[in-house]
Ligand SMILES: Cc1cc2nc3c(=O)[nH]c(=O)nc-3n(C[C@H](O)[C@H](O)[C@H](O)COP(=O)(O)OP(=O)(O)OC[C@H]3O[C@@H](n4cnc5c(N)ncnc54)[C@H](O)[C@@H]3O)c2cc1C
């Protein structure tokens, strides 16, 4: 929760800023820390976890996210551990290819990278080490409250059961979908999704093309994804895949606690996609059943992302279902946009109104576009309704027959759309002009 006074929020200040707090060391927080530290701003990263050990399924970095990686100077390293992905193929139970979207339809040099959260965190953290002089780590620090006043924002929280407080010139909230720090007055929607997924990390699926994100659908009640995700830093030679199995949230615990969960799952798949069920049976026979975990999603919509000395980015600002595979990419684009806004003030005398105006120009309509589309498309894949699946199968078939729409779909998945008609250029994001 944040205490603010409207007069303070609207007062532009020309005082030189010295230090900024970032709350949350996830994708959004780490990338922002690099971009601020690179511009010689003192950054303090508050993270409630004692150590950076991100758990979670692998995810797909789209070309937009990779453009930010190029901007950060970490793309080459990421390619060593991550898995290059050239497109997405979604198959129905009757074996018809419903979704057949490839990045080359936008540009022959575009690709995505399937990556583990641990690897993503490792590459961002390694880069941040290059700016050690500008970064203070506050691990194990849980921030509970922010208070804005004439001299800045005070951060209050707990560290090892003790209260702490510290004053900053500005604060960026990047503490994920369940953030309780984002200003409530800016929140338009904040609710859980009725569907989630269980997931598992397994050896790379070699019976399918290892450069494709494979999805399997039957109506809108059954959906499975197999994403190549490369290796983790500790075991660089063991290539892995992540499996996702979609379920209503009320069934997630039931699945995880079910002693025969795998048999049930394999049974559902074998009648539809037999070779995949054989592979799954083989690779999971020696696995502990606790290797399956669950993920739930939230829908968070905000009227603005920043004002005065305070900003909200990443899932804290715009959590959504991962159906379009954009969450981490959007978090990276947020960080890039903050970096661009900061560059407008090379002497660090920030006029906050101008700063947020620039940021919103870069991020607001794009975020709105992806959130609206995600809300429209997710029920076509995850819903109890009888008509959404057949509607999807019919409309997607026709959409993929029209070259213009195929290309628009590929641009959308690339994460570069700024609104229904326009998109960002990869090179505009990727370029970085060093001061030296
Ligand atoms: C199953 C699943 C699949 C997904 N697949 C994709 C995909 O293919 N592509 C894609 O782009 N995205 C995907 N996403 C979404 C993506 O994972 C998120 O959008 C992204 O990780 C958001 O990053 P973030 O930094 O905003 O938040 P987070 O990664 O959640 O980081 C928030 C950090 O803040 C810390 N924190 C929380 N509260 C506090 C506090 N009070 N004080 C201090 N620290 C705090 C947390 O410990 C955490 O480290 C997927 C998500 C799920 C669940």
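Throughout, read-outs are computed from the coordinates displayed, never taken from laboratory work. Remember, it's a predicted structure, so these values are computed and weren't measured experimentally. Note that each Cβ is placed from the backbone with ideal geometry, even for glycine, and that neighbours are counted across all protein chains shown.
Here are a few things to note about the model shown:
- Between the beta carbons of residue 129 and residue 84, assuming R0 = 25 Å, the FRET efficiency works out to 0.45 to the nearest 0.05.
- Dividing the convex hull volume of the alpha carbon atoms of region 346-417 by its residue count gives 114 Å³ per residue.
- Between helix 388-399 and the chain: long-axis angle, C-alpha atoms, 0 to 90°, nearest 10: 90
- Each peptide in 117-129, 389-401 receives the mean, over its residues, of other Cβ atoms within 10 Å, and ordering these scores from highest gives 117-129, 389-401.
- Pairwise Cα distances in region 173-286 exceed 22 Å for 46 percent of all pairs.
- Mean separation of Cα contacts under 8 Å, 6 or more apart, over the residue count of the chain: relative contact order %: 24
- Protection-proxy order for peptides 211-220, 139-148, each taking the mean of Cβ atoms within 10 Å per residue, highest first: 211-220, 139-148
- Between region 325-353 and region 62-137, the Cα center-to-center distance that results, in Å: 20
- Cβ-derived FRET efficiency at R0 35 Å, residue 303 paired with residue 258, nearest 0.05: 0.25
- Hull-based mean projected area of region 237-326, where the convex hull spans the alpha carbons, in square nanometres: 9.4
- Centre separation in Å (Cα based) which lies between region 267-289 and region 231-248: 16
- R0 of 30 Å, Cβ-Cβ distance residue 343-residue 149: FRET efficiency to nearest 0.05: 0.65
- Which of 274, 154 has the fewest Cβ neighbours within 10 Å, and the rest in rising order: 274, 154
- Taken over region 85-176, the alpha-carbon convex hull comes to 223 cubic angstrom per residue.
- In this label model, residue 397 and residue 49 are separated by 4.4 nm, measuring between points 7 Å along each Cα→Cβ vector.
- Kirkwood Rh in Å, taken over all unlike Cα pairs in region 277-436: 18.6
- Gained length - residue 361 relative to residue 207, 0.36 nm times residue gap less alpha-carbon distance: 51.0 nm
- In degrees, nearest ten, helix 274-284 long axis to first principal axis of the chain (Cα): 60
- Distance from region 196-221 to region 386-436 (C-alpha centre basis), Å: 21
- Cα-based shape type of the chain, given that a ≥ b ≥ c are square roots of the gyration tensor eigenvalues and the cut on a/c is 1.5: prolate
- Cα gyration tensor shape for region 48-139, rounded if a/c is under 1.5, else prolate or oblate: oblate
- Degrees between helix 352-381 axis and first principal axis of the chain (Cα, 0 to 90, nearest 10): 20
- The label-point distance for residue 156 and residue 234, in a model that sets each label 7 Å from Cα toward Cβ, rounds to 3.8 nm.
- Put a dot 7 Å past the Cα of residue 427, heading toward its Cβ, do the same for residue 93, and the two dots end up 4.8 nm apart.
- Expected 222 nm ellipticity per residue - DSSP helices of 4 or more, -39500 (n - 2.57), all of the chain, to 500: -10500 deg cm²/dmol
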